[in-house]
Amino acid sequence: MSTPPNNRQPEPDQIRQQVVDSLLASAPPDWAEIRLEFRASSTICQAEVSGSTLTGAPLLMPPPEGTTGRLKAVRAAMFEPGRGTWFSLHIGVKRNGSPEYRFNYTDATHWRPPVAPTVFTLDQERFPRDDQHIPDWLRERLAEGAAVERAFQQRDARTGDA
């Protein structure tokens, strides 16, 4: 009798360690510190990797292949019904040190360039937060997103594209 394949997804901790391992594997030999900043919604994400070398020179490098997909999976796995999930993540690794993770569940994320408010509307649909878990800045963006959606619906109704 054969054993069925294991379809379990890796745990968020395992995925985070995979991201750190890939950062270290792609870093130059003289790296001293690596920082990964990751911003995400249900529809888009941004990742930036920076740091410094042993001589103190700045270190800029592209995110290793697969980083954004892995971190999007971590974000989805960390979703809590009614509480939502995090907006951004900072991973910091110092040579001879353990990785540090900071998850941002409440503060506005600084997208570069700024994103349309409908990004937040779609994220709220995918990872809903109860009213008491919606920060003021997000409440404002959700209202802006709803206004944009209403404007498109009104335009479509006028032009017959509905």
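The values are calculated or read from the model by the stated rules, or taken from the named source; none is laboratory data. Treat the numbers as computed from the prediction; the structure is a model and nothing was measured. Here Cβ is always computed from backbone atoms with ideal geometry, including for glycine, and neighbour counts include all displayed protein chains. Heads up: the accessible areas ignore ligands, DNA and RNA and are worked out on the full protein's heavy atoms, side chains in. Shrake-Rupley method; radii C 1.70, N 1.55, O 1.52, S 1.80 Å.
With the crude spin-label approximation of a point 7 Å out along Cα→Cβ, what separation in nm comes out for Thr43 versus Met78?
Label at Thr43, label at Met78, 2.3 nm between them.
Does anyone have the angle between helix 136-159 and the longest principal axis of the chain? Alpha-carbon axes, 0 to 90°, nearest 10?
So the inclination is approximately 50 degrees.
Compute from the Cα atoms of the stretch 53-162 the Rg and the Dmax, the latter being the longest Cα-Cα distance, and quote both in angstrom.
Gyration radius and largest Cα-Cα distance of the stretch 53-162: 18.5, 64 Å.
Tell me, what % of the accessible area of the chain is carbon and sulfur with a 1.4 angstrom probe? Please list the in-between numbers first.
On the way: 5160 of 9920 Å².
Carbon with sulfur: 52 percent of the solvent-accessible area.
To the nearest Å, what is the center-to-center distance of the stretch 32-50 and the stretch 55-130, using C-alpha atoms only?
The distance from the Cα centre of the stretch 32-50 to that of the stretch 55-130 comes to 6 Å.
Could you give the longest part of the chain that holds none of the chymotrypsin sites (Phe, Trp or Tyr not before Pro) found in DSSP loops with at most 16 neighbouring Cβ atoms within 10 Å?
1-78
Return the loop-located GluC sites (Glu not before Pro) in the stretch 33-67 (DSSP other than H, G, I, E, B) with at most 13 other Cβ atoms within 10 Å of their own Cβ; answer none if there are none. Could the numbers behind the result be given before it?
Details: sites: Glu33, Glu37, Glu48, Glu65; in loops: Glu65.
Filter output for the stretch 33-67: Glu65.
To the nearest 0.05, what FRET efficiency results for Thr106 and Val148 with a Förster distance of 22 Å applied to their C-beta separation?
It comes out at approximately 0.40.
Over the stretch 20-135, give the accessible area per residue in Å² for a 1.4 Å probe, as an integer.
Heavy-atom SASA per residue in the stretch 20-135 reads 52 Å².
Return, ordered by residue number, the residues of the stretch 18-41 whose backbone nitrogen is under 16 Å from a label point located 7 Å along Cα→Cβ of Ser98.
Answer for the stretch 18-41: 18, 20-21.
His110: accessible area at probe 1.4 Å, nearest 10 Å²?
130
Just to be sure I understand the model, the point goes 7 Å from the Cα along the line to the Cβ. What's the resulting Leu60 to Glu140 distance in nm?
3.0
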